[in-house]
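The values are calculated or read from the model by the stated rules, or taken from the named source; none is laboratory data. Since the model is a prediction, treat every value here as computed from it, not as a measurement. We place every Cβ from the backbone using ideal geometry, glycine too, and count neighbours over all the protein chains shown. All accessible areas refer to the heavy atoms of the entire protein, side chains included, with ligands and DNA or RNA removed. Shrake-Rupley method; radii C 1.70, N 1.55, O 1.52, S 1.80 Å.
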Amino acid sequence: YKMALDEINKIEIKNIFCLHRSLRSSLFASKIKADKKIGFSSFFGYWIFDETVPYIKKYPEVIRQFHILQTTDKKTYEEINSKDYSYLNNNQLPQVPDFFSFVRKNKSPEKYKANKIAIFPGSVWATKKWTTTGYTQLCQLLIKDGYEVDLMGGPSEKLLCEEIAEKAEGAKVIAGSLSIAETIAALTNYALVISNDSAPTHMAAYNNRPILTIFGPTTLSQGFIPWSNKAAVVENNSLMCRPCGAHGHNKCPLRHHNCMNFIEALDVFN
């Protein structure tokens, strides 16, 4: 903590944008030297930040965070305050407004292989993970249908990927061999990315790759949607217990995890 602060404070910083609303993040920002500190409105934020903006729950997360950028950018301010963007935050995937699109205009030509798929079976939150059996059967179906499958993720997900690959002959384990930056860059090689509602979904969106996201305890209406016009979602809409939290849990609060257990491999494959 102190080492990080010492390194950061060697840099001349004009603006700090504190995107996390936790007290810990706010206190960390308070110790950084900067001309201006900007964060979301809260009791602690009032004392820590030079300027605060509202956290509007009815908007998708991407536009919530654009609220912070509006404080230093007139064009963003005008766009944010000219419309009500609550229509984007529902249980359907919306068309991303052009102004808020992250697709890089000057990207190099796409170089992906048409039959190559990246699969990320892990997540920081246990309940956000679709079942190991489901991913194994999905890989088997894809490989049988002629697709190349790479199982990806961080070092902590390598064992999970190896367990899946052991029963899905032909699947290749990439997990643990790439940094986050290398993983993001590598996704340009794939025709499709499949993951849980977790970071890889947003990595794929950044690269404008088609995404299939498997939602369990969370829902689209919470705002953490794949920010892409090339996205699809598989989820169980028959349960009254969804969503059970903003970020999932380590264990299902009702001890059945039906939001994931009732999703079949064939549904995802189709």
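Using Cα-Cα distances under 8 Å and only pairs 6 or more residues apart, what relative contact order does the range 1-100 have, in percent?
Details: 116 pairs, mean separation 18.4, N = 100.
Relative contact order, the range 1-100: 18 percent.
Modelled spin labels at PHE99 and LYS116, positioned 7 Å past Cα toward Cβ, are 3.8 nm from each other. In the chain, the inverse of the mean reciprocal separation of distinct Cα atoms equals 20.4 Å; this is its Kirkwood hydrodynamic radius. Close amide-amide hydrogen proximity is noted between ILE194 and ALA118, ILE119, PHE120, LEU212, each under 5 Å apart and 5 or more residues distant or on a separate chain (H modeled in the peptide plane; Pro and chain starts excluded). Relative to its residue count, the range 1-55 spans a Cα convex hull of 67 Å³ per residue. Which links in LYS10/LYS36; LYS57/LYS230; LYS116/LYS144; LYS144/LYS172; LYS57/LYS83 stretch past 18 Å when you go from one Cα to the other? Exceeds cut-off: LYS57/LYS230. Protein heavy-atom surface of the range 95-208, 1.4 angstrom probe: 53% of the accessible area is carbon and sulfur, with nucleic acids and ligands not counted. Were the residues from ASN261 through LYS74 laid out at 0.36 nm apart, the gain over their Cα-Cα distance would be 62.6 nm.
Here the translational diffusion coefficient of the range 75-189 follows from Stokes-Einstein with Rh set to the Kirkwood radius across Cα pairs; for 25 °C and 0.890 mPa s it amounts to 145 µm²/s. When both the range 1-60 and the range 170-192 are represented by their alpha-carbon centers, they are found 32 Å apart.
Using all pairs of distinct alpha-carbon atoms, the Kirkwood hydrodynamic radius of the range 142-206 works out to 12.3 angstrom.
Largest mean-square fluctuation among TRP47, TRP125, TRP227, in a Gaussian network model of the chain whose springs join Cα atoms under 10 Å apart, belongs to TRP47.
Assuming R0 = 25 Å, can you tell me the calculated FRET efficiency for the pair ALA191 and ALA126, based on Cβ-Cβ distance, to the nearest 0.05? Approximately 0.30, to the nearest 0.05. Quote the Stokes-Einstein diffusion coefficient, in whole µm² s⁻¹, for the range 189-270, based on the Kirkwood radius over alpha carbon pairs, a temperature of 10 °C and a viscosity of 1.306 mPa s. Answer from the Stokes-Einstein relation: 120 µm²/s.
Rolling a 1.4 Å probe over the heavy atoms of the protein chains gives the range 59-162 an accessible area of 55 Å² per residue.
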